[in-house]
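*Asks:* Encoded as structure tokens, here's the structure I'll be asking about.
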Amino acid sequence: LILFQKGQTTTPPPFEIFFCFGEEWPDQKPKEKKLITVQVVPVAARLLLEMFSGELSWSADSIPLQISHPDLKDEVVEQFKELHQLWQNQQQLPPVQLQPG
């Protein structure tokens, strides 16, 4: 993620996790042909990637399923949102000019 943010790689790091149930995997069949697959997307990883790429599209509708109870992870997501807002505000400010003396 740091290399992507610095422009040292053009490909963002993958952060999705796939699980396959009831069948051997990996094999010759693509994951779309499996009977039961689950894709897990860590919200914090997605937010960091979107924040660094300038494509943050956070909304409550962007997470179609949440099973967890509110806990520390939810607080971390809120902090990431606040951090991104501060970062956006800082990007819009004109450069600070220091006065001599």
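The values are calculated or read from the model by the stated rules, or taken from the named source; none is laboratory data. The structure presented is a predicted model; accordingly, all values stated were derived computationally and were not measured. Virtual Cβ from ideal backbone geometry, glycine too; neighbours counted across all protein chains shown. Keep in mind that these areas ignore ligands, DNA and RNA; they rest on the heavy atoms of the full protein, side chains included. Shrake-Rupley method; radii C 1.70, N 1.55, O 1.52, S 1.80 Å.
*Asks:* Placing +1 at every Lys and Arg Cβ and -1 at every Asp and Glu Cβ, with all other atoms neutral, what dipole size does the stretch 1-58 have around its Cα centre, in debye to the nearest 20? Present the calculation step by step, with values, prior to reporting the outcome.
*Replies:* Numbers: 6 positive and 7 negative charges, 14 e Å.
Result for the stretch 1-58 is approximately 60 debye, rounded to the nearest 20.
*Asks:* Multiply the residue gap between Asp74 and Phe19 by 0.36 nm, knock off their C-alpha separation, and tell me the result in nm, one decimal place. Spell out each step's value before the answer.
*Replies:* Numbers: separation 55, 0.36 × 55 = 19.80 nm, distance 2.33 nm.
Extra length available between Asp74 and Phe19 comes to 17.5 nm.
*Asks:* Arranged from highest to lowest average of other beta-carbon atoms within 10 Å per residue, in what order do the peptides 42-50, 78-86, 4-12 appear?
*Replies:* On the way: 42-50: 16.7, 78-86: 13.0, 4-12: 10.4.
Top of the packing list down: 42-50, 78-86, 4-12.
*Asks:* Please report the carbon-and-sulfur percent of the accessible area for the stretch 1-58; probe 1.4 Å, protein heavy atoms only, DNA, RNA and ligands left out.
*Replies:* Numbers: 2530 of 4380 Å².
Carbon-and-sulfur percentage of accessible area, whole number: 58.
*Asks:* With a cut-off of 8 Å between alpha carbons and a minimum separation of six or more residues, what is the relative contact order of the stretch 1-58 in percent?
*Replies:* 33 percent
*Asks:* On alpha carbon coordinates alone, what is the Rg over Rh value for the stretch 1-58, Rh being the Kirkwood radius?
*Replies:* My calculation of the ratio gives 1.11.
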